[in-house]
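Please read the structure below before turning to the comments.
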Amino acid sequence: MTVATRTGAAGPRARSDALVVFGFSGDLVGKKVFPALYAMAKKGRLTVPVIGVASSKWGVDEWHGHVRDSLLHKSHEGGIDDPAAFDRMMSLLSYVSGDYNDAATFTALKAALGSAERPTFYLAIPPSLFATVIQSLGHAGLAGLAQDARVVVEKPFGRDLASARELNAVAHSVFPESSIFRIDHYLGKEAIMNILYFRFANSFLEPVWNRDHIAGVQITLGEDFGIGERGGFYESAGCLRDVVENHLFQIVTLLAMDAPAYQSFEAVHSAKLGVLRAMRPLSATDLVRGQYIGYHEETAVAHDSDVETFCALRLFVDTPRWAGVPWYLRAGKQLPASVVEVQVQMQPPPQQLFDDAGPAGGRANYVRFRLQPRAGVALAARIKRPGREFVGVQRELYLAQDEPETMAPYERLLGDALAGDGALFTDEDAVMAAWAVVEPVLAAHGPALPYGPGTWGPAEADGLTAGDGGWHDPASDVPIDLPTDASPSKARPGR
Ligand code: BG6
């Protein structure tokens with residue numbers, strides 16, 4: 001697939017010559033951005049100055065200590081195993097401390113940028129500050145078109161359709177669309193990219209990938225931990241805004257899209273947009289909201305908060321391919337497992353020749369995309385058991401990637417933004433279309449129902465799927481990973 005850079009016919013865009021990270025002392029930067037910068041430094045791909053901006057008034061030694069501690073203790077990606085690369089990275093770092101509402105902060109930033117002409121500004125800050133920072137970049141003359149600056153904005157982009165439009169207008173008053181990189185780190189994950197590849201690099205799937213053969217799709221994004229130190233953010237977002245209208249919808253688009261019309265990410269974006277626009281806006285009866293017991297005691301959470309930490313919903317994609325097929329999505333904190341999985345349920349055979357091969361006898365065939373913790377794809381099919389009786393078992397043929405990922409999502413996406421490559425970012429139309437789907441339930445919804453930590457959300461969530469065989473529990477699945485003595489193509493028990 002050729003990669004469409006945002007400059008289109010004009011050819012590849014010049015690489016950024018500086019990276020500015022707002023929110024440098026924040027949780028996201030500590031967990032994801034420092035490891036990404038460090039990984040780039042190890043590969044010799046971090047060559048531009050990096051300026052961290054934060055309100056914390058720390059000296060250089062404190063900043064250095066913070067970066068080191070974060071890599072050692074916050075990152076899940078292996079600490080510091082290459083001291084020379086770490087030193088190279090540190091030599092590129094400098095810091096600007098100041099209030100984002102104070103023009104002096106941006107004057108100081110301008111001085112720190114020196115002669116840089118194509119800085120990338122990455123906003124790893126609370127969404128409520130996006131507009132302030134973007135406007136201040138404009139006022140300080142840091143984002144003029146002639147400079148070819150870029151801005152990378154974290155999700156959620158806005159709080160609803162109206163605020164997303166407003167934020168978009170602010171962003172466009174300072175940056176052209178081609179310079180706005182709306183990040184959804186799920187798009188930088190190998191397992192998610194593999195959905196696109198697996199669907200369209202194989203020929204056996206397409207003929208059955210439609211309403212005639214597929215009974216329903218379930219997607220689960222479970223996390224077995226709570227909101228931790230992110231109470232302030234979570235109170236303003238909630239599960240629907242945090243992971244559903246972005247991460248889960250992106251997975252739906254990749255599964256539901258028609259084949260891109262030509263070989264370019266531009267065509268992929270357009271096929272995905274078609275899905276988002278065909279999603280039926282949600283109604284209150286499509287959504288069950290939950291809140292884990294104990295959420296009220298978390299730091300920075302209101303004692304009477306109704307913010308949801310769990311969502312289960314039923315969605316329809318009203319295209320000819322998917323008409324009438326239910327898509328069940330659920331996500332939440334404090335669930336039984338940290339797992340992201342898609343289960344595509346096939347229809348049973350049209351004629352029930354064998355008692356056990358229909359809905360009454362058990363589950364029909366399915367395709368399972370395990371996206372996390374370890375990526376893989378399983379195809380479940382029935383095979384006859386030895387003996388006179390025509391009865392069988394369902395087994396999974398599984399394909400697992402046995403090579404480690406070469407790049408974490410933030411490393412990939414920050415590198416792409418610096419290179420001006422927008423293939424794995426979300427454009428304004430997609431963001432607006434996603435908000436339009438959830439808009440009706442942002443205000444009109446039932447209360448967040450309590451659920452016990454370690455359960456799959458409130459019992460009411462089961463009501464959504466009751467008529468379609470219930471939720472398939474990814475935690476009880478045989479995990480897709482390779483037994484040490486097996487080859488990747490070995491069959492294993494299904495359900
Ligand atoms: C983030 C959400 O976008 O995605 C978090 O803000 C969530 O709440 C995280 O935990 C999940 O990402 P990953 O890569 O750990 O699956």
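The values are calculated or read from the model by the stated rules, or taken from the named source; none is laboratory data. The model shown is predicted, which means the values in this text are computed figures rather than measured ones. Note that each Cβ is placed from the backbone with ideal geometry, even for glycine, and that neighbours are counted across all protein chains shown. Just so you know, the surface numbers come from the protein's heavy atoms only, side chains and all, with ligands and any DNA or RNA stripped out. Shrake-Rupley method; radii C 1.70, N 1.55, O 1.52, S 1.80 Å.
General remarks:
- Count - residues of region 112-144 that are assigned to a helix (DSSP H, G or I) and under 20 Å from residue 24 (Cα atoms): 13
- Residues of region 206-220 include none that is more than 14 Å from the ligand (Cβ to nearest atom), open to solvent by 10 Å² or more (accessible area, probe 1.4 Å), at pLDDT below 95 and not in a helix (DSSP H, G or I).
- The residue of region 246-268 that is most open to solvent (accessible area, probe 1.4 Å), among those that are assigned to a helix (DSSP H, G or I), over 13 Å from residue 193 (Cα atoms) and in contact (Cβ under 8 Å) with a residue 40 or more places away in the chain, is 266.
- Matching entry among 332, 324 (being open to solvent by less than 20 Å² (accessible area, probe 1.4 Å), within 30 Å of residue 282 (Cα to Cα) and not polar (S, T, N, Q)): 332
- Within region 54-68, being farther than 22 Å from residue 231 by Cα and either touching a Phe, Trp or Tyr at 6+ places or on another chain (Cβ under 8 Å) or part of a helix (DSSP H, G or I) (or both) holds for 58, 60, 61, 62, 63, 64, 65, 67, 68.
- All positions within region 335-349 that are in a loop (DSSP other than H, G, I, E, B) and open to solvent by 10 Å² or more (accessible area, probe 1.4 Å): 336, 337, 338, 347, 348, 349
- Which listed residue, of 191, 164, is within 14 Å of the ligand (Cβ to nearest atom), surrounded by 18 or more Cβ atoms within 10 Å (Cβ to Cβ) and small (Gly, Ala, Ser): 191
- Check on residue 312, more than 16 Å from the ligand (Cβ to nearest atom), surrounded by 24 or more Cβ atoms within 10 Å (Cβ to Cβ) and not in a loop (DSSP other than H, G, I, E, B): yes
- Residue list for region 350-371, restricted to those being surrounded by fewer than 17 Cβ atoms within 10 Å (Cβ to Cβ) and not charged (D, E, K, R): 350, 351, 352, 353, 354, 358, 359, 360, 361, 362
- The lone exception for residue 174 - which of (1) touching a Gly at 6+ places or on another chain (Cβ under 7 Å); (2) open to solvent by less than 10 Å² (accessible area, probe 1.4 Å); (3) away from the ligand (no atom under 16 Å from the Cβ) it fails: (2)
- Residue in region 1-41 that is modelled with the lowest pLDDT, counting only those that are of a type in the set (D, E, K, R) and more than 18 Å from residue 58 (Cα to Cα): 6
- Residue pairs meeting the criteria (Cβ under 6 Å; at least 6 apart or on separate chains; first surrounded by fewer than 23 Cβ atoms within 10 Å (Cβ to Cβ), in region 19-37; second among the small types (Gly, Ala, Ser) and in a strand (DSSP E or B)): 25/54
- Among the residues of region 162-188, those identified as of a type in the set (A, V, I, L, M, F, W, C) and over 23 Å from the mean Cα position of the chain (by Cα) are 169, 170, 174, 175.
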